[in-house]
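Chemist: One structure is given below, represented as structure tokens, and several questions about it will come after.
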Amino acid sequence: MESIEAIYEYAWLVPVLPLVGAAIVGTGLISYSQTTSTLRRPAAVFIVSLTGAAMVLSFLLFFSQVQGHETYTRMIEWASAGDFRITMGYTIDHLASLMLVIVTTVAFLVMVYTDGYMAHDPGYVRFYSYLSLFSSSMLGLVISPNLLQVYVFWELVGMCSYLLIGFWYGRKPAADACQKAFVTNRVGDFGLLLGMLALFWATGSFEFEVMGDRLTELVTTGGLTTGLAAIFAILVFLGPVAKSAQFPLHVWLPDAMEGPTPISALIHAATMVAAGVFLVARMFPVFEQLPTVMTVVAWTGAFTAFMGASIAITQNDIKKGLAYSTMSQLGYMVMAMGVGAYGAGLFHLMTHAYFKAMLFLGSGSVIHGMEEVVGHNPALAQDMRLMGGLRKYMPITATTFLIGTLAICGIPPFAGFWSKDEILGSTFEVSPVLWAVGWLTAGITAFYMFRMYFSTFEGEFRGTNKEIQIQLKREQLMAMGASLGPGAMNSKELTLDAEAHDDHGHHSEVPHESPIAMTFPLMALAVPSVLIGLLGTPFANYFEAFIHPPGEAVEALAEAGGAFDWSEFLIMGGSSVGIGLIGITLAVMMYRTRQLDPSAIADRIKPLYQLSKNKWYIDEIYDVVFVQGSRKLAKQVLEIDVRIVDGLVNLAGFVTLVSGEGLKYLENGRAQFYALIVFGAVLGLVLLSGIT
């Protein structure tokens, strides 16, 4: 018993261990840059070992919580002034222990994978230090006992994402992407800060359950109107909207693909985007008492799920397709929270973390192989139009990618089926309309994921097709020319340039399987992608028994099993599998057997195709309204500043100058001249008085 208590007393080491690794390696990079950069393997082993230790400690805490250990909270007073006190510390409850396991396992496997993926990158050591700091920030957020401390780590997670998305800062797209992510998240975080301060003003606390209880009491007694309480809660929800890439603050997520693939996997699976859903779960005691807020949360999630899926259909970049897929799946989680399906949303967060990490790492394995063929051109290495037939060259990557695809499509018995079905079942009880949106999205998901699988791993290999390469390079250069402005390059220059660069950087005719450092994490993640969903089956829902809303009792598994309705499960589960199979069938006919021509269908529904291809034109709208709009506003302000503000200042200076120039002739230092002026003034007064 004492050993168990000791584990809880040292639980703070879970975020601190990766932080120590980041601090030591980071200090080395700052102080002795060249020497530290050469210590590649020692730095990697050091950081991976510390993350592994944090993972072991996380599992011990998790198993202790499963066995029924009560919630452990340890607090210290951080600041005080009169009656005002701010406390910091950590809390280990069911939700925190589960999130610790998810974050540490995915982070550990991503770090192992990084050794293979970044093997030849000069920033190898720097990347490891960033990864370690990122993991530490997320782990600190998970064990935070109050909203204020969550906010501190929330901002650290945002800072680390900025560093990692822009890791290759020498490339303009990466530099632009990290700025876009940072600015977009600042919008959401400003809302979160306002909401957090407003809730503290109303309730006098940053503790989640205390805020919920006091807010409910205030609304009940009339001390606070329902509308005002809802506004406070929605402001807080703006933070998760940005972090978890929900509409309308989703635009940063696809651009985040400019970072190295390991960080894409970590951002999209277990850290940054998971932070938003986690905060909604922590704020559940506040949200669940406000029906308006729950409705807003549910519809935001549903619309985002559909929008992300509809855009993913037409993406040719394998990583951007997965990015929109992540946006869609996060929509499911947020929708689940909005309809009160707390357990279902977090269950999908867990299953999605494993299969999406595997899918992203699988895409990185594909890109790693394709770079050998197309040269070190990221845009070409990630374009599915140059892939095809990779299964025979990369069997481990193909098999694990297929497992992840089946999981996200909701095919039983893979993990995604159980969590997605639970969300759809819970949603149907609250709103059949929301269920219909989620159900339709499930079919679209199955279609675009198998489109991705077939385009990448089946059919003939297109990587050495010169015509496709030249066409894609021409598109790439045209896009660059468009970004530089009209007249930057003419079509002849583009064609010549594309052909001139066509033979550069080719090292191999066919791709090859990735090294064991990259394939081992794929195989390790395949296991939970297949099996972990069995923890949340509706007839024996161990997950729901372990994770449930604060303050709500959950009936024992034996009682729940006796009351299970098989007919309802078969109808709901059958309908979600059915729509998924329809999506898969369409993908087979269009991209495997070629019975349907995708381009002919695209021509028939040109407006819808263009809407999807151009990402609903959201980026263009934001560019016109916010980017160009702010520039025009700045120009107007500059005009006012130059003409009015500066004009008044310059006028005052001019008047002073003129008056000074005039007066200097009167101030010549001669007494006779001054006497003459006085005599003249007196004479003038006498004459004036005589006239009057």
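Chemist: Work out the charge dipole of region 561-635 with +1 on the Cβ of Lys and Arg and -1 on the Cβ of Asp and Glu about the Cα centre, then indicate which of 584, 629, 569 is farthest towards its positive end.
Modeler: Most positive-ward Cα: 629.
Chemist: Please report the relative contact order for the chain, taking Cα pairs under 8 Å with a sequence separation of at least 6, and give it as a percent rounded to a whole number.
Modeler: Across the chain, relative contact order equals 12 percent.
Chemist: Could I ask something else about it? Taking the Cα centre of region 64-145 as origin, work out the dipole magnitude from +1 charges on Lys and Arg Cβ and -1 charges on Asp and Glu Cβ, in debye rounded to 20.
Modeler: My answer is approximately 100 debye.
Chemist: Also: At a Förster distance of 30 Å, what's the computed FRET efficiency of residue 464 paired with residue 600, Cβ-Cβ distance as r, to 0.05?
Modeler: Efficiency at R0 = 30 Å is approximately 0.65.
Chemist: Can you pull the accessible area of residue 350 for me, 1.4 Å probe, Å² to the nearest 10?
Modeler: Surface accessible to solvent at residue 350 totals approximately 10 Å².
Chemist: Shifting gears a bit: Using a 1.4 Å probe over the heavy atoms of the protein chains, calculate the carbon and sulfur portion of the accessible area of the chain as a whole percent.
Modeler: Answer for the chain is 67 percent, counting heavy atoms of protein chains only.
Chemist: To continue, here is another question. Once the Cα atoms of helix 516-531 and of the chain are each reduced to a long axis, what angle between those two axes, in degrees from 0 to 90 to the nearest 10, is obtained?
Modeler: Computed tilt is about 70 degrees.
Chemist: Quote the charge dipole size of the chain about the Cα centre in Debye, to the nearest 20; the model charges only the Cβ of Lys and Arg (+1) and of Asp and Glu (-1).
Modeler: So the dipole magnitude of the chain works out to roughly 1700 debye.
Chemist: Here's another thing I want to ask about it. Quick one: net charge of residue 568's neighbours, Cβ under 13 Å, K/R +1, D/E -1?
Modeler: That works out to -4.
Chemist: Taking the Cα centre of each part, how many Å lie between region 370-401 and region 303-340?
Modeler: Region 370-401 and region 303-340 have Cα centres separated by 23 Å.
Chemist: Ok, one more. Nearest 10 degrees, 0 to 90: what angle lies between the long axis of helix 226-243 and the longest principal axis of the chain (Cα atoms)?
Modeler: 70 degrees
Chemist: Now for a different question. Calculated FRET efficiency, residue 172 and residue 567, Cβ-Cβ r, R0 60 Å, to nearest 0.05?
Modeler: 0.55
Chemist: Still on this structure, I have one more. Which peptide among 518-528, 636-646 comes first, and what is the full order, when sorted by highest mean count of other Cβ atoms within 10 Å?
Modeler: Highest mean packing first, the order is 518-528, 636-646.
Chemist: Given a 1.4 angstrom probe, what's the average accessible area per residue across region 295-452, in square angstrom?
Modeler: 21 Å²
Chemist: Sort all Cα-Cα distances of region 132-210 into consecutive 10 angstrom bins from zero, then give the percent of pairs in each bin up to the one containing the longest distance.
Modeler: Final binned percentages: 18, 40, 28, 11, 3.
Chemist: In addition: So, R0 is 30 Å and r is the distance between the beta-carbons of residue 663 and residue 641; what FRET efficiency does that work out to, to 0.05?
Modeler: 0.45
Chemist: Order of 584-595, 672-683 by packing, highest average Cβ count within 10 Å first?
Modeler: 584-595, 672-683
Chemist: Residues with beta-carbon under 15 Å from that of residue 606, excluding residue 606: net charge, scoring Lys, Arg +1 and Asp, Glu -1?
Modeler: Value of the local net charge: 0.
Chemist: Roughly speaking, what is the stretch gain from residue 671 to residue 440, that is 0.36 nm per residue apart minus the C-alpha to C-alpha distance, in nm to one decimal?
Modeler: Computed gain between residue 671 and residue 440 is 73.2 nm.
Chemist: If one puts a single equal scatterer on every Cα of the chain and applies the Debye formula without solvent, what log₁₀ I(q)/I(0) results at q = 0.08, 0.10 Å⁻¹?
Modeler: The computed values of log10 I(q)/I(0) come out as -0.64, -0.97.
Chemist: Which Cα, out of 253, 408, 240, lies furthest along the positive dipole direction of the chain (beta carbon charges, K/R +1, D/E -1)?
Modeler: Among 253, 408, 240, the one farthest towards the positive end of the dipole of the chain is 253.
Chemist: Helix 13-31 versus the longest principal axis of the chain: what angle, 0 to 90°, nearest 10, using Cα atoms?
Modeler: Once rounded, one gets 60 degrees.
The values are calculated or read from the model by the stated rules, or taken from the named source; none is laboratory data. For clarity, every value in this text was computed on a predicted model and none was experimentally measured. A quick note on method: Cβ atoms are made from the backbone with ideal geometry, for glycine too, and the neighbour counts reach across all protein chains shown. All accessible areas refer to the heavy atoms of the entire protein, side chains included, with ligands and DNA or RNA removed. Shrake-Rupley method; radii C 1.70, N 1.55, O 1.52, S 1.80 Å.
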